[in-house]
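Undergrad: I'd like to ask you about the structure that follows.
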Amino acid sequence: MNKKSSNIMALAPTTSNKRETVCIFGTGDFGRALAHKMIQSGYPVVFGSRSTQTSSLIPKDAEVLSHAEAARKATIIIIAIQRQHYNFLTSLGEILHGKVLVDISNNLKINQYPESNAEYLAQLVPGAKVVKAFNTVSAWALQSGTLDASRQVFVCGDDMEAKQMVMDIVRALGLTPLDQGSLLAAQEIENYPLQLFPMWKFPILLSLGLVTFFFLYSLIRDVIYPYVNENKDFSFFIAISIPNRICPILALILLALVYVPGVLAAIIQLYRGTKYSRFPDWLDKWMLCRKQLGLVALAFASLHVLFTLVIPIRSFVRWRTSSQIVSQALNNKTEPLDNTNAWLSDSYLALGILGFFLFVLLGITSLPSVSNNVNWREFRFVQSKLGYLTLILCTAHTLVYGGKWFLSPSSYRWYLPSAYMLSLIVPCAVLVVKFVLIFPCLDKPLTRIRQGWERNSKYSE
């Protein structure tokens, strides 16, 4: 009997689950969307507005009052208005004293003002506890419920209790709060939504530069050279042949560039004899965008696969195949199977298939939904060990494809080597240096340095 009673009490709702009233200053798009979401989560909401007239846009369960009346009803007040309209808050200083003010504003450009909007708000109402939050979530995401693209909410503030109250609201709305520290972090949080793919800028610009270079390079060798020297028009190569040459080249180079900063970091640490010295800024930035470099490389590798699949239906390929058949029929002679070429062809394809499979596996592992479900050792094994194996297979794929033409004079048109030869420079250099670094005479001291050992303390400052 007592056991049943305790179970019933555990399932019964308690008064402690009741949400406290939240006030929102501002009835704009974001204020209304946030109010609607909070009401769904069980929070009573009251709007503070210049006009107390209700509107069909206002959630029906929300009350609209003057700013002063609304502020008196709540401990937490969300400021859903622009910075240029903050001045009226000074007249409410006595009412807002001790209240939690949540600044959700953004600016039109990065570092638009000397101080952040949240710090400016704290100056206007010194008696309030200002917290920065919700500025990375859009009104559209709150209204539509599709929060996967903006689920994280950065939170910062000087008062720990006030910050915890805001983070509790964030969790109740089904979002993920990330504590960014004191109110000094507000400037960075406000700049975050204004950045346009910050980690993708370098990979995309680098890819565009490489695409331009290799396109012009291939155009000279494969279109202009035959036209000038042999009077042959191969301009149609621009549609498929040249892109199918550029895509694997960029995929291989970008994949190698993912592992270049790690190799350089190891060399720097060995040279300095410590891990406590900062790397150069350019190397730090390079390391931060390795994931994006790898994903761009995977995109080029995928395009290479698609271009390769359409090769048999190309008019040029069908014409060349039929010409060979007709030539053999007219000469009444069948070309025998070359076992060496057959081995090279099958090996080239097998290496490409295995390399692309591991490439896709690396891309899948980098997804947050996957990486969050593996521990650090598993993630490192896939991204490092399997990553280098992928680089080895893709490099071998390229070497087997054209290794026999390295010493062929016909491969050097106008003294220019084939583009795939250029693509091997970076990956081969990375693999050679990595192979040297795994020698015990270098690997052991590097491991000790990464565990905290220092050869010379002058670099630790």
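The values are calculated or read from the model by the stated rules, or taken from the named source; none is laboratory data. Owing to the predicted nature of the structure, the values given are computational and were not obtained by experimental measurement. Cβ: placed from backbone, ideal geometry, glycine included. Neighbour counts: every protein chain shown. What goes into the accessible areas is simple: the full protein's heavy atoms, side chains included, and nothing from ligands, DNA or RNA. Shrake-Rupley method; radii C 1.70, N 1.55, O 1.52, S 1.80 Å.
Undergrad: Using a Förster radius of 22 Å, what is the FRET efficiency between Leu108 and Ser66 based on their Cβ-Cβ separation? Nearest 0.05, please.
TA: The value I calculate is 0.15.
Undergrad: How large a share of the accessible area of the chain, in percent, is made up of carbon and sulfur atoms when the probe is 1.4 Å and the other protein chains stay in place?
TA: 61 percent
Undergrad: With both bridge residues required to lie in the chain, what share of the DSSP beta bridges run antiparallel, to the nearest 5%?
TA: Given both bridge residues lie in the chain, the antiparallel proportion sits at roughly 10 percent.
Undergrad: Roughly how big is the chain's charge dipole about its Cα centre, with Cβ charges of +1 (Lys, Arg) and -1 (Asp, Glu), in debye to the nearest 20?
TA: 860 debye
Undergrad: What's the angle, to the nearest 10 degrees (0 to 90), between helix 440-450's Cα axis and the longest principal axis of the chain?
TA: The angle comes out at about 10 degrees.
Undergrad: If the viscosity is 1.567 mPa s and the temperature 4 °C, what translational diffusion coefficient in µm²/s does Stokes-Einstein give for the range 376-442 when Rh comes from Kirkwood over Cα pairs?
TA: 93 µm²/s
Undergrad: Further question: Let me make sure I get this right: for the range 341-452, a, b and c are the square roots of the gyration tensor eigenvalues over alpha carbons, sorted descending. Under 1.5 in a/c it's rounded, otherwise prolate if a/b > b/c, else oblate. Which is it? Could you put the intermediate results ahead of the total?
TA: On the way: a/c = 2.76, a/b = 1.59, b/c = 1.74.
It is oblate, given that a/c is not under 1.5 and a/b is not larger than b/c.
Undergrad: How much length is gained on full extension from Asp179 to Arg450, taking 0.36 nm per residue of separation minus their Cα-Cα distance?
TA: My answer for the length gained is 94.7 nm.
Undergrad: Which part of the range 390-419 falls in the paramagnetic zone of Trp343, meaning amide N under 17 Å from the point 7 Å along Cα-to-beta-carbon?
TA: It comes to 397, 399-405, nothing else.
Undergrad: Taking the solvent-accessible surface of protein heavy atoms with a 1.4 Å probe, what is the per residue accessible area of the chain in Å²?
TA: 58 Å²
Undergrad: Okay, next question. For the range 232-252 and the range 28-57, what is the separation of their Cα centres, given in Å?
TA: 57 Å
Undergrad: When the helix-only estimate is applied to the chain (DSSP H runs of n ≥ 4, each -39,500 (n - 2.57), divided by the residue count), what is the mean residue ellipticity at 222 nm, nearest 500 deg cm²/dmol?
TA: So the calculated ellipticity at 222 nm is -16500 deg cm²/dmol.
Undergrad: For the pair Met199 and Ala239, how long in nm is the line joining their label points, each one 7 Å along Cα→Cβ?
TA: Going by the 7 Å Cα→Cβ label model, 3.9 nm.
Undergrad: Measure nothing fancy, just the Cα-based angle from helix 315-331's long axis to the longest principal axis of the chain, in degrees from 0 to 90, nearest 10.
TA: Approximately 20 degrees, to the nearest ten.
Undergrad: On to the next question. Tally the DSSP beta bridges in the range 22-194 and give the antiparallel ones as a percent, rounded to 5.
TA: Antiparallel: roughly 10 percent of the beta bridges in the range 22-194.
Undergrad: So, one more: How much net charge surrounds Val130 when only other residues with a Cβ under 9 Å from its Cβ are counted (Lys, Arg +1; Asp, Glu -1)?
TA: It works out to a net charge of -2.
Undergrad: Once you have the Cα-Cα distance between Val211 and Val432, take 0.36 nm times their residue separation minus that, and quote the gain in nm to one decimal.
TA: 77.0 nm
Undergrad: Looking at the square roots a ≥ b ≥ c of the eigenvalues of the Cα gyration tensor of the range 22-194, which shape do they give, rounded for a/c under 1.5, prolate if a/b is larger than b/c, or oblate?
TA: Rounded shape, in that the Cα axes give a/c under 1.5.
Undergrad: Still on this model: With each pseudo-label sitting 7 Å past Cα toward Cβ, what's the Glu20-Gln53 distance in nm, one decimal?
TA: Between Glu20 and Gln53, the label points sit 3.4 nm apart.
Undergrad: Does the chain come out rounded, prolate or oblate, given a ≥ b ≥ c as the square roots of the eigenvalues of its C-alpha gyration tensor, rounded meaning a/c under 1.5 and, failing that, prolate meaning a/b above b/c?
TA: Numbers: a/c = 2.52, a/b = 2.11, b/c = 1.20.
Since a/c reaches 1.5 and a/b is larger than b/c, the shape of the chain is classed as prolate.
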